[in-house]
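Here's the structure we're looking at; comments come further down.
Each value in this text was obtained by applying a stated rule to the coordinates, not by laboratory testing. Computed from a predicted model, the values in this text were never measured in an experiment. For neighbour counting, all protein chains shown are included, and Cβ atoms are generated from backbone atoms with ideal geometry for every residue, glycine included.
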Amino acid sequence: MQLSKKILVDGIAHLLSNEKRLRQYKVELEKIRFKKRKFEFSTFVSVVVNQQLSDKASDTIRRRIYEQLDNQITPTAFLNTKITDLRKCGISNQKIQHLRSIADTVQCDPKYFSRIKRQDVEECRQELLALKGIGPWSASIISLFYIGNPDVLVEGDVTINKVLARLYDVEIANVSTRIHELTENWRPYRSIGCMLCWHLYDNGMI
């Protein structure tokens with residue numbers, strides 16, 4: 001099952017029915033829209049480059065990489081580009097090595113992307129975590145926005161943790177088990193709950 005307009009409607013109804021603390025945000029829930037992004041090698045370039053950087057800095061580096069690769073963001077093109085040329089784009093050596101490792105993995109498995117898309121949310125998470133440079137947060141972002149899994153709980157996200165702490169009036173120190181407990185009633189639509197958290201925080205509503 002992947003996020004679609006129907007799944008989004010069903011998920012919102014589920015959250016309102018099963019989690020009373022979200023009912024006060026019914027109007028905001030109904031404002032949520034989802035458009036799945038294309039899942040390909042450029043996905044990993046975007047996610048890895050963005051790690052620990054501001055949006056402005058990551059956008060600049062990503063634009064330079066695209067220019068360096070003549071907009072051919074494929075595993076082959078990345079592997080054929082000299083590391084010194086990639087470093088000139090502003091990307092760290094560690095991130096280059098992570099992306100080269102990911103490029104090798106993808107290049108050796110022509111069905112990599114189509115196979116991942118068919119997996120359930122936990123299988124997908126585990127396979128993504130097996131890649132160098134992809135941690136829990138990155139795996140969650142890919143699973144939600146690029147694959148469209150409706151039941152992703154984005155772990156390690158500062159904004160979501162802040163919203164959950166205020167919503168449930170508890171302290172959260174990025175404890176995974178606590179976050180899972182608080183969002184148990186959101187299943188199997190935790191992706192929608194996470195999008196609501198970002199929406200509420202970005203709009204200064206919580």
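Limited to region 118-164, what total is found for residues that are in contact with a Gly (Cβ under 8 Å, 6 or more places away or on another chain) and more than 26 Å from Leu200 (Cβ to Cβ)?
1
What number of residues within region 32-48 are surrounded by 12 or more Cβ atoms within 10 Å (Cβ to Cβ) and in contact (Cβ under 8 Å) with a residue 60 or more places away in the chain?
Pass one, region 32-48, residues surrounded by 12 or more Cβ atoms within 10 Å (Cβ to Cβ): 32, 34, 36-37, 39-48.
Checking which are in contact (Cβ under 8 Å) with a residue 60 or more places away in the chain leaves us with 32, 34, 36-37, 39-41, 43-44, 47-48.
Of the residues in that region, 11 qualify.
Which of the residues belonging to region 27-72 are of a type in the set (Gly, Ala, Ser) and under 20 Å from Leu144 (Cβ atoms)?
The answer is Ser42, Ser46, Ser58.
Grab the helices (runs of 4 or more DSSP H) fully contained in region 1-74, keeping just those with 3 or more residues being over 29 Å from Tyr168 (Cα atoms) and either among the hydroxyl-bearing types (Ser, Thr, Tyr) or under 20 Å from the mean Cα position of the chain (by Cα) (or both).
Once the helices (runs of 4 or more DSSP H) in region 1-74 are filtered for at least 3 residues that are over 29 Å from Tyr168 (Cα atoms) and either among the hydroxyl-bearing types (Ser, Thr, Tyr) or under 20 Å from the mean Cα position of the chain (by Cα) (or both), what remains is 41-50, 55-68.
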